[in-house]
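Participant: Have a look at this one.
Nothing in this text is a laboratory measurement; each read-out follows from the coordinates by a stated rule. Quantities reported herein were computed from a predicted structural model and do not represent experimental measurements. Please note: Cβ atoms are built from the backbone with ideal geometry, for glycine as well, and neighbour counts cover all protein chains shown.
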Amino acid sequence: MTNKEYARLVEKTNKKSNVLKDCVLAFLVGGLICVLGQALNDGYKMCIDNELSAKTLASITLIAISILLTGLNIYPKIAKFAGAGTLVPITGFANACAAPAIEFKPEGYVLGIGANIFKISGPVIVYGLFSGFVYGILFYIMNLL
Amino acid sequence: MAKRLGKQTIVFEKDVALLNSACCVGKDEGNGPLAKTFDKVFYDEYIGQKTYEAAESVLQKEAIGEVLKKENLTPNDIDIAIMGDLLDQSIASTFAIKDFSIPHFSVFSACSASALGLGIGAVLVENGAVNLAICVASSHFCTAERQFRFPLNYGSKRTPNSQRTVTGAGAFLLSSQKNAPKIRAVTFGKVKDYDITDANNMGAAMAPAAADVIKAFLQDSGKKPDEYDLILTGDLGVIGSKLVIKLLQKEGIDISNRHDDCGLMIFDLEDEKSAAGGSGCGCSASVFAGHIMRKLKSGEIKKMLFCATGALLSPTSQNQGLSIPSIAHLLEIEGVKND
């Protein structure tokens, strides 16, 4: 049997993900997180008269909740159910930093937590910064024209 | 003396007995369908240790302790300990055995370490090089996740074809005793690679290795699948089990009505958590040491093939985008005769 023939056999045998169900759940849970963010934002705006600070506080609150739920091992349970719904919002990023920090603690503060905290989120930061840099140059050139 | 048969198989002329066995598992396995067959179940995934790696070593230590206790033996009576696990440099095994003062070596063959250890142990016992050997294999869900996948608290969804690493260890005593299940032959497998790169579908990567070694044994020995009560694979899971049957069917070998897989037996497959079944060295080791050994001792299983399967990937090879080479080792085992 060639590799190609085997790949076809595997493809026929594999179980498929239920894409529709996954999308609906991701939409609903991800949406709920965003609604919570908006509610926090509006709430903070009522307390302090500064829109930028209110937005920052809303983000910080979501991050804090996500890290707390990660530490209590509740976040991964929600994520198993919601998939991309918990991955995409800012809570996903907080979870991606907190999870390795907890995991690598036995290996020490420097080589454990320090070296591994950005293990999952590091690439997002690197390429986020890089695309910001490219976009900045393009923006500069467009303004010159 | 051990005799070579055909291209790959070694048959034993003298008795090699699976004198006794013991197995210790974690919570999910202990709540699964085989709950009653395990010697000890640990409900805390740390087993009172500071790290998961140390917990895995405790699983091995406890399994060794249990099997020695069953036979009223002390570590001094054991000539060699052959052990295997999935961790880098086999640290679960070395940290488990270091206080026992038993001559030791570790084997690595991914999840097929259970059968590889037993195969090597059987050769040593049969030719009289050792009188009593202990073979141990283990895996731990949390250590495997840490090494091969994401941190445990990271929120991610498993794909439906992925398998769950078993938290468990199995220990076996090998000797030349008469009244015990016997290892009659061993076939060490070849590395097979059909260019499967998806680490979330290890069953598909391993099925060709299992099919190859089963075919090799049957060819070498001239035996037929229907001579066996059970043809048991290690941890092919839902997908791999279907594939190994299909692959052998294409070769004109039908094992469909006597095949089972440790990965299918250990968890309740209705539970979404178990995905496509169990995997890991501890999967085949604990199912074989518990459930299967009982049936061999009672004579319910008269003859069987045990074929543990291993996916020989590493985090490095995965990151480099390489395929998953796989291997399987096979033992021909005879149950206790009741007449």
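Participant: For segment A:109-145 and segment A:60-103, write down the distance between their C-alpha centroids in whole Å.
Facilitator: Each part's Cα centre sits 21 Å from the other's.
Participant: Scattering from the C-alpha atoms of segment B:182-334 alone, worked out with Debye: what is log10 I(q)/I(0) at q = 0.18 1/Å?
Facilitator: Cα-only, vacuum Debye calculation for segment B:182-334: -1.04.
Participant: Still on this structure, please answer the following. In segment B:288-339, how does Rg compare with the Kirkwood Rh, expressed as the Rg/Rh ratio over alpha carbon atoms?
Facilitator: Rounded to two decimals, Rg/Rh equals 1.28.
Participant: For chain A, how big is Rg over Rh, using alpha carbon atoms and the Kirkwood form of Rh?
Facilitator: Using only Cα positions, Rg/Rh for chain A is 1.11.
Participant: Which translational diffusion coefficient, to the nearest whole µm²/s, is obtained for segment A:17-103 from the Stokes-Einstein equation, given a Kirkwood hydrodynamic radius over C-alpha pairs, 10 °C and 1.306 mPa s?
Facilitator: Answer, rounded: 117 µm²/s.
Participant: Mind checking A:30-39 for the average number of partner chain beta-carbons within 10 Å of each residue's beta-carbon?
Facilitator: Averaged over the peptide's residues, the number is 0.
Participant: Let me ask something additional. From the Cα gyration tensor of segment A:59-136, with a ≥ b ≥ c the square roots of its eigenvalues, which class applies: rounded if a/c is under 1.5, or else prolate if a/b is larger than b/c, or else oblate?
Facilitator: oblate
Participant: Related question: Return the Cα extents of segment B:140-241 along principal axes one, two and three, sorted largest first, each rounded to a whole Å.
Facilitator: 51, 32, 22
Participant: If you take each beta carbon of peptide A:100-111 and count the beta carbons of other chains within 10 angstrom, what is the mean?
Facilitator: Shielding by partners across A:100-111 averages 3.
Participant: Per the Kirkwood formula on distinct C-alpha pairs, the Rh of the protein assembly as shown is how many angstrom?
Facilitator: Here the Kirkwood hydrodynamic radius works out to 24.1 Å.
Participant: Give me P(r) over chain B, computed from all C-alpha to C-alpha distances, binned every 20 Å, as integer percentages.
Facilitator: Once binned at 20 Å, the Cα pair distances of chain B give 35, 60, 5.
Participant: Would you tally the net charge around B:LYS7, using a Cβ to Cβ cut-off of less than 12 Å, leaving B:LYS7 out, and scoring K and R as +1, D and E as -1?
Facilitator: Charge balance in the 12 Å sphere: +1.
Participant: Here's another thing I want to ask about it. In peptide A:3-16, how many Cβ atoms from other protein chains are near each Cβ within 10 Å, on average?
Facilitator: Mean shielding by partner chains, rounded to a whole number: 6.
Participant: No solvent, one uniform scatterer per C-alpha: report log10 I(q)/I(0) for segment B:3-175 via the Debye equation at q = 0.09, 0.18 1/Å, two decimals.
Facilitator: Scattering profile of segment B:3-175, log10 relative to I(0): -0.32, -1.13.
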